[in-house]
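Heads up, the thing below is written out as C-alpha cells.
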2 protein chains.
Amino acid sequence: MSNDHKHDHRHDLSTLTRNQAFVFETLQNAKAPMSAYTILDELRDDGFRAPLQVYRALDKLVEMGLVHRLESLNAFVACDHPEGDPHGAIAFAICEDCGQVDEFADDEIVARLGNWAKTKKFRLDKTIIELRGTCETCANA
Amino acid sequence: MSNDHKHDHRHDLSTLTRNQAFVFETLQNAKAPMSAYTILDELRDDGFRAPLQVYRALDKLVEMGLVHRLESLNAFVACDHPEGDPHGAIAFAICEDCGQVDEFADDEIVARLGNWAKTKKFRLDKTIIELRGTCETCANA
DNA sequence: GCCAATATGTAATAATATAACATTTTGAGA
DNA sequence: TCTCAAAATGTTATATTATTACATATTGGC
C-alpha cells in the first residue's frame, strides 16, 4: 500500500519559520519552477547567504506537502492544491518552453501503480509522474 | 498524441561506437543504476578521462532506447526489454535499499496520460514514472 | 527557567552536468 | 579512391546542484 498520503496539508502556514515562509512565498509568486539557487538569489536581500538555508526550508516544505520537487528539473514549485485538500500521488505536466507546470491527480493511475506494487510486494514510498512537453499556448506560438 | 514510441530498439548493437559500447556494456553488467561519474571511474582503464565522454555516449544510448535515465536518481540503467521490442512509456520501481530497478509498462496508464494530454492540448514528448520504495527482498531482510 | 528539539549561520566540499574548442573518424557520394 | 560533411572523440575549464561538518540561536513543553 502506498503512503503517499502521509503528508497532507495539515500544516497551518502560520507555523512556518522565517526561512520557510520566505522560500514558500518566493515559490508562490513564481510563474515557473525555481531551482534552489535561483531562490537563494531572490532572497539575498532578505538575509539568505548560503544554499543550505534554502535547501533546509525546501526539505520541510516538501515534507509538509506545501512544495513539490520536480525530479526531472531539479527544481521546486509551490503546491497548486487548495489549502487543506490532501492528495495522493500527483502528476506534473511541464512545458519545456515556458516552464509552466500543470499539476493533476488521476486516481485510476494511482490505483494501478498501487496494484502493481501490491502484486510485486514492493513497499511504495513515493510516486513520481512527470510529463515533459509543450503546453497549448506555446505550441500555438 | 505521445511520441514516446519514437525511439524503438531499431539499433543494432554492432552500430555502437567504441565509447558507446563501453558505456553500454558497463551498464549491462551493473546490478543497479550507475551515475555518469561511477561509469567514468569504471572506464578509466579503457581510456576514459573526462565526464563528457560518458555523457555523450549516454545521450546517444538513451536516444536509441538502449539506456534509460532515472530522473529521481540522476543515474542510468541499461534497458531491460528484449532486443527489438519497442515500447511506449515505461515505469521504474526503484528499491531505495538495494538499488535494483524493476522496469514495467502499463498501457492503461499510458493511455490515461495520453488522454489527459489530448484534453489539455499538451504535446507530450516524454513520460517519467518512477516509484521509490523497498523491494520485497529488502523489506523482508 | 530549564533543556531538548528544532532552526539557523557559515565555510568547505562533493556530485552532477555543460560550454567551448580542437582533432579524428566515418561513411555516403562523386 | 578521393572528398567532404557529419558524427564522434579528446581535453580543459566551468557551471549547476547538493551535502557534510560544525557552531550558534531560537522555540516550546515541562
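Out of A:ALA75, A:ALA32, A:ALA57, A:ALA36, report the one residue that is closer than 14 Å to A:GLN100 by Cα and within 13 Å of DNA strand C (Cβ to nearest atom).
On the way: A:ALA32 fails: within 13 Å of DNA strand C (Cβ to nearest atom); A:ALA57 fails: closer than 14 Å to A:GLN100 by Cα; A:ALA36 fails: closer than 14 Å to A:GLN100 by Cα.
Answer to the check: A:ALA75.
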Do we find a residue being within 14 Å of another protein chain (Cβ to nearest Cβ) and touching a Leu at 6+ places or on another chain (Cβ under 6 Å) anywhere in the range B:108-125? yes
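Against the definition (in contact with a helix residue (DSSP H, G or I) (Cβ under 8 Å, 6 or more places away or on another chain), of a type in the set (Asp, Glu), under 19 Å from B:THR38 (Cβ atoms) and within 14 Å of chain A (Cβ to nearest Cβ)), how does B:ASP97 come out, yes or no? Lay out the reasoning, then the answer.
Values: in contact with a helix residue (DSSP H, G or I) (Cβ under 8 Å, 6 or more places away or on another chain): yes; of a type in the set (Asp, Glu): yes; under 19 Å from B:THR38 (Cβ atoms): yes; within 14 Å of chain A (Cβ to nearest Cβ): yes.
The answer is yes for B:ASP97.
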Can you find, within the range A:94-130, the residue that is surrounded by the fewest Cβ atoms within 10 Å (Cβ to Cβ) among those that are without any contact (Cβ under 8 Å) to a residue 60 or more places away in the chain and under 14 Å from the mean Cα position of the chain (by Cα)? A:ALA105
Could you check how many residues of the range B:65-76 are open to solvent by 20 Å² or more (accessible area, probe 1.4 Å) and either under 8 Å from the mean Cα position of the chain (by Cα) or modelled with pLDDT under 95 (or both)? 2
Counting just the residues of the range B:31-58 that are more than 9 Å from DNA strand D (Cβ to nearest atom) and among the polar types (S, T, N, Q), which one comes out least open to solvent (accessible area, probe 1.4 Å)? B:SER35
Does any residue in the range A:13-27 that is over 15 Å from A:ASP59 (Cβ atoms) come within less than 7 Å, Cβ to Cβ, of a residue that is acidic (Asp, Glu) and open to solvent by less than 40 Å² (accessible area, probe 1.4 Å) six or more places away or on a different chain, and which pairs are these? none
Do the conditions hold for A:ASN19, that is, is it within 20 Å of A:PHE92 (Cα to Cα) and modelled with pLDDT of 95 or more? no
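The values are calculated or read from the model by the stated rules, or taken from the named source; none is laboratory data. Everything numeric here is computed off the predicted structure, so don't read it as measured data. Heads up, the Cβs are rebuilt from the backbone with ideal geometry, glycines too, and the neighbour counts pull from every protein chain shown. Just the protein is used for accessible areas: all its heavy atoms, side chains included, with ligands, DNA and RNA removed. Shrake-Rupley method; radii C 1.70, N 1.55, O 1.52, S 1.80 Å.
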